Amino acid sequence: MSTVHDKLRLLKEKNAHVLLGGGAQKIEAQHKAGKMTAHERLHLLFDNGFYDELYRHAQHAATTLGMGGRDLPGDGVVTGLGAINGRLVYASSQDFTVMGGSVGLMHAWKICEIMEMALKAGAPYIAVNDSGGARIQEAVDSLQGYGKIFYHNTLLSGVVPQISIIAGPCAGGAAYSPALMDFIIMVEGTGQMFIAGPEVIKEATGESITAEELGGAGAQAARSGNVHFIARDDADAIEIAQRLLGYLPNNNTEDPPSLHTGELTLIEDEPLNSVVPDDPRDPYNMLDILQRVFDPHSLLEVHSHYAQNMIVSFARLNGRVVGIVANQPAVKFGAIDINASDKASRFIRFCNAFNIPLIQFVDVPGFMPGVEQEFGGIIRHGAKMLFSFSAATVPKITVVVRKAYGGAYLAMCAKALGADRVAAWPTAEIAVMGAEGAVNVLYRTEIKNAPDPREARTTFIRQYKEEFSTPYQAAKRGMVDAVIEPKNTRNYISIALESLRNKRDLRPQKKHGLIPL
Ligand code: HXC
């Protein structure tokens, strides 16, 4: 009969065995590949390196294709909970050293359990992905496991924040779990995601591409827009996740963490008065404005490599978290194209779901013209912005910096879409369209019949600009609350936000709206 001492020793041995994952050799290979192990990642993620591991001794029950009796510690995934900056967070971390972190039924069950716990506790969920995908030996059981993960990702969506770190392979259908989450952080060099890899593509379409070119962080952040943040290595990815969490509430019933001291820091920032160039065709960097207006070093740009004509960013104002949606005139003149619409809409909906006020900075000449844009569905994609802003019930404050033309202005949250405050700088040009286009329609005959048509056109454009390309037509009709000096922008937004702290905007009950996807 074994003694208590024996039983304790057995527990210690079992724990030590599981903690070694796939064994010393596999761990060495993992390190050689520039990757941390699943445990090392969680150790770094949680405060003081402490996490409460759950289901450590779980094992698969598969018997086919050589699986019978095969020892897979933790079934290739570590799951647990811990604190990040003192706040409860649940996490899963796939263990590549155990059968390539492949997903079998138990592996998937462990992930789903931890997600359900996060949902019940109203706490964020972080998933570290490093896996060869569906465990081929477990066949349809593995498929069922993935389906359950996707189902749970959807249950959590809009209730608790979900962050995915891709720190290894994440290919095929496996990529859909991160895609269903709110933010993807990918590690440069080791993280990869694609539906079909280079070999399948070569066979199907004849195209040649490397796995890194196809699924690496650069491509997936800048071209597909799947990835929100690029990390230099595992440690950097974890740091980004920790920083990002600092802007997010625990769940949809709470406000984001506040650093507000009870006082507003009001500043008249003189240099802002000269940021916008005299020539309205000249670009400037919208980020220069945002950095001056919001709390120092508080901007956390999301999707910064993608659709750079649109900026979306978290920031703090007087210590309180806000979400910024801004046109970037330095890229494509700030015109809104398909990708910019998708990028902005997704961010607007995230902020609305998690009680983060939205602040817009507008300098938009219009939706991007072009056959490719039209055939790509710019109407449907642009409509997502109109829908998202109209549906958002968080405080919405819009600042018109320069151009604000036509439907694109509405799409940046004009008064008509429920903006609570709209302020315009004196440089604002709020109009149905640009002066050149308007004059061509309004004065076609007069220009044609003039002794000097070019001069006549120039005169008409100047006259139109003076009268209509200003903030005052819109201000006259109550579409603009105030025309402000740029230097007072922080003060205007600060006071507006304070006055909207208890905003209530109740809408008719419905199952859900039908955003044009
Ligand atoms: C079972 C797997 C596995 C998998 C890797 N392994 N992927 N075992 N099922 N999907 C095992 C390997 O056999 C190996 O076992 C160990 O994990 C490490 O893998 P290596 O190949 O040695 O590592 P590496 O060279 O780094 O290559 C990693 C890899 C490669 C690129 C991920 O392993 C690979 O291509 N794996 C198969 C990928 C795949 O086809 N997955 C299924 C996709 S279908 P040993 O014993 O030698 O250490 C899918 C459908 C999901 O995912 C649908 C959901 C909707």
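What about ALA235, is it among the aliphatic types (A, V, I, L, M), assigned to a helix (DSSP H, G or I) and within 19 Å of the chain's Cα centre (by Cα)?
no
Say whether the condition of being polar (S, T, N, Q), closer than 26 Å to MET186 by Cβ and open to solvent by less than 50 Å² (accessible area, probe 1.4 Å) is met by at least one residue in segment 290-304.
Within segment 290-304 (the criterion being polar (S, T, N, Q), closer than 26 Å to MET186 by Cβ and open to solvent by less than 50 Å² (accessible area, probe 1.4 Å)), the answer is yes, since at least one residue qualifies.
Search segment 449-484 for residues being hydroxyl-bearing (Ser, Thr, Tyr) and part of a helix (DSSP H, G or I), and hand back the single one that is least open to solvent (accessible area, probe 1.4 Å).
TYR464
Do you know which of the residues in segment 46-102 that are away from the ligand (no atom under 15 Å from the Cβ) and charged (D, E, K, R) is surrounded by the most Cβ atoms within 10 Å (Cβ to Cβ)?
Checked segment 46-102; the qualifying residue surrounded by the most Cβ atoms within 10 Å (Cβ to Cβ) is GLU53.
Suppose we filter ILE111, ILE149 for residues that are part of a helix (DSSP H, G or I), in contact with a helix residue (DSSP H, G or I) (Cβ under 6 Å, 6 or more places away or on another chain) and within 19 Å of MET193 (Cα to Cα); which single one remains?
ILE149
When you look at VAL227, is it at negative phi, in contact (Cβ under 8 Å) with a residue 40 or more places away in the chain and either open to solvent by less than 60 Å² (accessible area, probe 1.4 Å) or not in a loop (DSSP other than H, G, I, E, B) (or both), yes or no?
Judged against the criteria, VAL227 is a match.
If LYS120 satisfies all but one of (1) open to solvent by 10 Å² or more (accessible area, probe 1.4 Å); (2) part of a loop (DSSP other than H, G, I, E, B), what's the number of the condition it fails?
Of (1) open to solvent by 10 Å² or more (accessible area, probe 1.4 Å); (2) part of a loop (DSSP other than H, G, I, E, B), only one is false for LYS120: (2).
Open to solvent by 10 Å² or more (accessible area, probe 1.4 Å), at negative phi and more than 16 Å from the ligand (Cβ to nearest atom), is that true of GLU28?
no
Pairs, please: C-beta under 7 Å, at least 6 apart or cross-chain, first residue without any contact (Cβ under 8 Å) to a residue 12 or more places away in the chain and in segment 390-416, second surrounded by fewer than 23 Cβ atoms within 10 Å (Cβ to Cβ) and outside any strand (DSSP E or B)?
Pairs found: none.
Looking only at segment 233-241, decide whether some residue is of a type outside the set (A, V, I, L, M), more than 24 Å from ASP47 (Cα to Cα) and within 16 Å of the ligand (Cβ to nearest atom).
Checked against the condition, which is being of a type outside the set (A, V, I, L, M), more than 24 Å from ASP47 (Cα to Cα) and within 16 Å of the ligand (Cβ to nearest atom), segment 233-241 yields no hits at all.
Of everything in segment 147-173, what is touching a Phe, Trp or Tyr at 6+ places or on another chain (Cβ under 7 Å) and either within 12 Å of the ligand (Cβ to nearest atom) or of a type in the set (Phe, Trp, Tyr) (or both)? Give them in sequence order.
Answer for segment 147-173, where residues must be touching a Phe, Trp or Tyr at 6+ places or on another chain (Cβ under 7 Å) and either within 12 Å of the ligand (Cβ to nearest atom) or of a type in the set (Phe, Trp, Tyr) (or both): PHE150, GLY168, ALA171, GLY173.
How many of the residues making up segment 206-227 are small (Gly, Ala, Ser) and within 16 Å of the ligand (Cβ to nearest atom)?
Qualifying residue count, segment 206-227: 3.
Would you please name the residue that is most open to solvent (accessible area, probe 1.4 Å), looking only at residues in segment 174-196 that are within 13 Å of the ligand (Cβ to nearest atom), touching a strand residue (DSSP E or B) at 6+ places or on another chain (Cβ under 8 Å) and in a loop (DSSP other than H, G, I, E, B)?
My answer is ILE195.
Working only within segment 123-144, note down all residues that are among the small types (Gly, Ala, Ser) and touching a Ser or Thr at 6+ places or on another chain (Cβ under 7 Å).
Of everything in segment 123-144, those that are among the small types (Gly, Ala, Ser) and touching a Ser or Thr at 6+ places or on another chain (Cβ under 7 Å) turn out to be ALA127, SER131, GLY132, GLY133, ALA134.
Could you tell me how many of the residues in segment 103-135 are more than 8 Å from the ligand (Cβ to nearest atom) and of a type in the set (Lys, Arg)?
Qualifying residue count for the region: 2.
Name, by its number, the condition in (1) open to solvent by 10 Å² or more (accessible area, probe 1.4 Å); (2) more than 13 Å from the ligand (Cβ to nearest atom); (3) in contact (Cβ under 8 Å) with a residue 60 or more places away in the chain that does not hold for GLU138.
All conditions are met except number (2).
Is it true that LEU143 is on the phi < 0 side of the Ramachandran plot, more than 15 Å from the ligand (Cβ to nearest atom) and open to solvent by 10 Å² or more (accessible area, probe 1.4 Å)?
no
Name the residue that is nearest to ASP75 (Cα to Cα), counting only residues in segment 1-25 that are open to solvent by less than 90 Å² (accessible area, probe 1.4 Å) and polar (S, T, N, Q).
Top of the filtered list is ASN15.
ILE447 is checked against (1) in contact with a helix residue (DSSP H, G or I) (Cβ under 7 Å, 6 or more places away or on another chain); (2) modelled with pLDDT of 95 or more; (3) of a type outside the set (Ser, Thr, Tyr) and fails just one. What number does that condition carry?
All conditions are met except number (2).
What's the total number of residues in segment 420-448 that are aromatic (Phe, Trp, Tyr) and open to solvent by 30 Å² or more (accessible area, probe 1.4 Å)?
Result for segment 420-448: 1.
Quick one: which helices (runs of 4 or more DSSP H) sit completely within segment 358-445 and have at least 2 residues that are in contact with a Phe, Trp or Tyr (Cβ under 8 Å, 6 or more places away or on another chain)?
378-391, 406-411, 435-442
Of everything in segment 213-224, what is out of contact with any strand residue (DSSP E or B) (no Cβ under 8 Å at 6 or more places or on another chain) and either open to solvent by less than 10 Å² (accessible area, probe 1.4 Å) or part of a helix (DSSP H, G or I) (or both)? Give them in sequence order.
GLU213, ALA219, ALA222
I'm trying to understand the selection: among the residues of segment 462-503, which are among the aliphatic types (A, V, I, L, M) and closer than 17 Å to ILE430 by Cβ?
Passing the criteria: ALA474, ALA475, MET479, VAL480, ALA482, VAL483, ILE484.
Determine whether ALA196 is under 19 Å from the mean Cα position of the chain (by Cα), within 26 Å of GLY133 (Cα to Cα) and in contact (Cβ under 8 Å) with a residue 24 or more places away in the chain.
no
The values are calculated or read from the model by the stated rules, or taken from the named source; none is laboratory data. This structure is a prediction, so every number in the text was calculated from the model and none was measured. Note that each Cβ is placed from the backbone with ideal geometry, even for glycine, and that neighbours are counted across all protein chains shown. For the accessible areas, the whole protein counts, side chains as well, though only heavy atoms, and no ligand, DNA or RNA atoms are used. Shrake-Rupley method; radii C 1.70, N 1.55, O 1.52, S 1.80 Å.
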